[in-house]
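A quick write-up on the structure given underneath.
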Amino acid sequence: MTATPQANLTGRVAIVTGAGSGIGRATARTLAQAGAFVLGVGRRKDALEETAAGHSGIAVHPADLRAQGGPEEVVTVATDRWGHLDVLVNNAGVTKVMPLADTTTKAITTLFDLNVIAPSQLAQAALPHLRRTRGSIINISSTYGHRPLPGAAHYAASKAALEQLTRSWALELATDGIRVNALAPGPTESEALAAAGLSEPTINQIKQDEAARIPLGRRGKPDEIAAWVLHLADPATTWLTGQVLTIDGGLELS
């Protein structure tokens with residue numbers, strides 16, 4: 001079940017990365033329900049096709065955003081298909097549990113390649129098109145982009161970098177009429193923990209521990225985050241830029 005759209009994005013074109021599951025899947029469907037044409041991007045073609053099933057406004061493009069020329073190709077596919085680009089949602093990311101004692105250069109590079117460099121390259125490739133449409137960039141950070149996360153400091157640092165990019169781009173691109181904002185979800189149901197290579201018992205324990213720390217008593221749902229992406233993408237949201245909105249059930253307060 002997806003969020004009920006409250007905005008009208010008819011005719012708008014959006015790129016959503018990490019669209020094969022979780023927040024990315026919910027976002028692609030929510031924007032399409034609001035009338036947007038959506039290019040869902042991810043590494044798994046079958047997962048992307050599941051996202052698009054029953055949603056005529058969603059086209060899919062399997063891609064590794066870390067590959068040479070990958071971000072430019074994504075933007076070209078969207079603009080060749082629909083003629084313009086209005087919204088870029090940088091949602092793709094990777095989670096890595098990595099205590100300092102176990103830190104490796106390769107693991108740090110992997111985190112920053114997908115969580116920081118790929119969004120930067122996508123934004124750069126999209127910029128000429130977003131200037132023409134006075135569009136919007138929405139980055140998906142994490143509540144741990146501005147909260148300590150012992151045992152996963154480099155993941156938190158990569159999200160902190162994305163939040164600072166958000167603020168700096170907002171100032172840099174304001175004269176172009178491009179709004180740049182970020183959402184910082186708390187622990188949300190997704191495949192991220194499994195993708196990080198954790199065992200099922202470990203994942204279940206992490207989920208229980210997270211829910212216990214959240215004042216509202218549960219982990220988030222992807223639709224709840226997608227609803228806020230829709231609000232930020234709404235062309236009627238004309239005077240909000242440079243903000244990092246934390247959606248975490250009150251975890252930030254604890």
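The values are calculated or read from the model by the stated rules, or taken from the named source; none is laboratory data. These figures come from a predicted structure and were not determined experimentally. Virtual Cβ from ideal backbone geometry, glycine too; neighbours counted across all protein chains shown.
Go through (1) at positive phi; (2) part of a helix (DSSP H, G or I) and name the single condition G11 misses.
Against the list (1) at positive phi; (2) part of a helix (DSSP H, G or I), G11 comes up short only on (2).
Considering only residues that are without any contact (Cβ under 8 Å) to a residue 60 or more places away in the chain, under 23 Å from Q6 (Cβ atoms) and surrounded by 14 or more Cβ atoms within 10 Å (Cβ to Cβ), which ones fall in segment 32-78? Reasoning before the result, please.
Restricting attention to segment 32-78, the residues satisfying the condition of being without any contact (Cβ under 8 Å) to a residue 60 or more places away in the chain are 32-33, 35, 37-74, 76-77.
Checking which are under 23 Å from Q6 (Cβ atoms) leaves us with 32-33, 35, 37-40, 51-52, 54-58.
Once the filter is applied, which keeps residues that are without any contact (Cβ under 8 Å) to a residue 60 or more places away in the chain, under 23 Å from Q6 (Cβ atoms) and surrounded by 14 or more Cβ atoms within 10 Å (Cβ to Cβ), segment 32-78 yields A32, Q33, G35, F37, V38, L39, G40, T51, A52, H55, G57, I58.
Please report, ordered by residue number, the helices (runs of 4 or more DSSP H) entirely within segment 162-254 with at least 3 residues that are aliphatic (A, V, I, L, M), over 17 Å from A14 (Cβ atoms) and in contact with a helix residue (DSSP H, G or I) (Cβ under 8 Å, 6 or more places away or on another chain). So that I can check it myself, show each step before the final result.
Details: elements: 192-195, 200-213, 222-233.
In segment 162-254, the matching helices (runs of 4 or more DSSP H) lie at 192-195.
Answer with yes or no whether I203 is at pLDDT 95 or above, out of contact with any Ser or Thr (no Cβ under 7 Å at 6 or more places or on another chain), surrounded by 13 or more Cβ atoms within 10 Å (Cβ to Cβ) and under 21 Å from A152 (Cα atoms).
Details: at pLDDT 95 or above: no; out of contact with any Ser or Thr (no Cβ under 7 Å at 6 or more places or on another chain): yes; surrounded by 13 or more Cβ atoms within 10 Å (Cβ to Cβ): yes; under 21 Å from A152 (Cα atoms): yes.
For I203, the condition - at pLDDT 95 or above, out of contact with any Ser or Thr (no Cβ under 7 Å at 6 or more places or on another chain), surrounded by 13 or more Cβ atoms within 10 Å (Cβ to Cβ) and under 21 Å from A152 (Cα atoms) - is not met.
From the set of residues in segment 83-135 that are assigned to a helix (DSSP H, G or I) and among the β-branched types (V, I, T), which is farthest from H61 (Cα to Cα)? Before you say what the answer is, go through the steps one by one.
Taking segment 83-135 and keeping what is assigned to a helix (DSSP H, G or I), we get 100-102, 105-133.
From the residues that got through so far, the ones that are among the β-branched types (V, I, T) too are 105, 108-110, 116-117, 133.
Numbers: T105: 30, I108: 27, T109: 24, T110: 22, V116: 21, I117: 19, T133: 22 Å.
So, considering only residues that are assigned to a helix (DSSP H, G or I) and among the β-branched types (V, I, T), the one farthest from H61 (Cα to Cα) is T105.
Could you tell me whether segment 79-95 includes any residue that is of a type in the set (A, V, I, L, M), surrounded by 15 or more Cβ atoms within 10 Å (Cβ to Cβ) and at pLDDT below 95?
Filtering segment 79-95 down to residues of a type in the set (A, V, I, L, M) leaves 85, 87-89, 92, 94.
Remaining after also requiring surrounded by 15 or more Cβ atoms within 10 Å (Cβ to Cβ): 85, 87-89, 92, 94.
From what's left, at pLDDT below 95: 94.
Within segment 79-95, one or more residues are of a type in the set (A, V, I, L, M), surrounded by 15 or more Cβ atoms within 10 Å (Cβ to Cβ) and at pLDDT below 95.
Can you run down the residue pairs with Cβ atoms below 6 Å, 6 or more apart or on separate chains, where the first is in segment 101-123 and touching a residue at least 24 places away in the same chain (Cβ under 8 Å) and under 14 Å from A152 (Cβ atoms) and the partner is among the small types (G, A, S) and surrounded by 15 or more Cβ atoms within 10 Å (Cβ to Cβ)?
L111/S158; F112/S158; N115/G93; N115/S158
Of all residues being hydroxyl-bearing (S, T, Y) and under 14 Å from the mean Cα position of the chain (by Cα) in segment 8-31, which is surrounded by the most Cβ atoms within 10 Å (Cβ to Cβ)? Just the residue, please. If you could, list the steps in order and put the result at the bottom.
From segment 8-31, those hydroxyl-bearing (S, T, Y) are 10, 17, 21, 27, 30; that's our starting set.
If we keep only those that are under 14 Å from the mean Cα position of the chain (by Cα) too, we end up with 17, 21, 27, 30.
Details: T17: 28, S21: 21, T27: 34, T30: 28.
Out of the qualifying residues, it is T27.
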